[in-house]
Amino acid sequence: MSHQFLPFLVFVVVMTGTPGMGNLSMLAIGQTAGFARAVPFLAGSSLGFVSLGVLVALGLGGVFAASPAARLVMRVAGTAYIVYLAVKILRMQLAEPDLRKGFGFAEGLVLHPLNPKSWAMLVVGFSQFSDPSQPLAVQALVFVGTFMVFQISFHSLWGLAGAGLLRALGRGRALLAVNGALVSVMVGATLYALFL
């Protein structure tokens, strides 16, 4: 992996920095409840992402790549979960501030294991940038560690951007419109991935 680290790094930055379920969820949670209330979700999503990365590096990605039934189950479960997140985000937006229940660690924990983009980028990343002649443990450590640093960084930046929108727009109709658009993109991107 050492001679391919720079291309791998570019791949990781593009994959973790662009809009996906994790980043869009953090943006929507940040702009609905503020960044501090998104931290438990961020911690859970980070652990879920690291766990998924380790499992993919150890070969689980190949199992799902070989099983159309397993892929379909994951896609349907992932879509259901994203719809759940979207509904919760909209309900939080419409609730009174003191009645808003934040997103918890457990909700973040299952985000990436149920996210088609996470599976795709981890499976593609490890299959493209790993070297079978090198020790698996070292490669898995570099692979998961690099993804983890950028995943946490970008999720945090998207959450902070959402909190900035909350401060800039207040809690009026403009914020509700932005939130509705974000939720639509989250659900739309997931449905698109489901039918690909």
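Here are some notes:
- Accessible area per residue, Å², segment 122-195 with all protein chains present, probe 1.4 Å: 53 Å²
- The dipole here belongs to the chain: it is taken about the Cα centre, uses +1 on the Cβ of Lys and Arg and -1 on the Cβ of Asp and Glu, and is about 520 debye.
- Segment 1-75, accessible area per residue, ligands and nucleic acids excluded (1.4 Å, Å²): 41 Å²
- In order along segment 36-50, the phi-based Karplus estimate (6.51 cos²θ - 1.76 cosθ + 1.60, θ = phi - 60°) of 3J(HN,Hα) comes to 4, 7, 8, 4, x, 5, 4, 4, x, 5, 5, 5, x, 5, 4 Hz; Gly and Pro are listed as x.
- ³J(HN,Hα), Karplus 6.51/-1.76/1.60, whole Hz, each residue of segment 70-75, x for Gly, Pro: 5, 4, 5, 4, 5, 5
- Peptides ranked, highest mean first, by Cβ atoms within 10 Å: ranges 181-187, 157-163: 157-163, 181-187
- Taking the accessible area of the chain, probe 1.4 Å, and keeping the other protein chains in place, the carbon and sulfur fraction comes to 76%.
- Computed 3J(HN,Hα) for segment 78-83, one whole-Hz value per residue from the Karplus formula 6.51 cos²θ - 1.76 cosθ + 1.60 where θ = phi - 60°, is x, 5, 4, 5, 5, 5, glycine and proline marked x.
The values are calculated or read from the model by the stated rules, or taken from the named source; none is laboratory data. Fair warning: this is a prediction, and the values are worked out from it, not measured in the lab. Methodologically, a virtual Cβ is constructed for each residue, glycine included, from the backbone with ideal geometry; neighbour enumeration extends over all protein chains shown. Heads up: the accessible areas ignore ligands, DNA and RNA and are worked out on the full protein's heavy atoms, side chains in. Shrake-Rupley method; radii C 1.70, N 1.55, O 1.52, S 1.80 Å.
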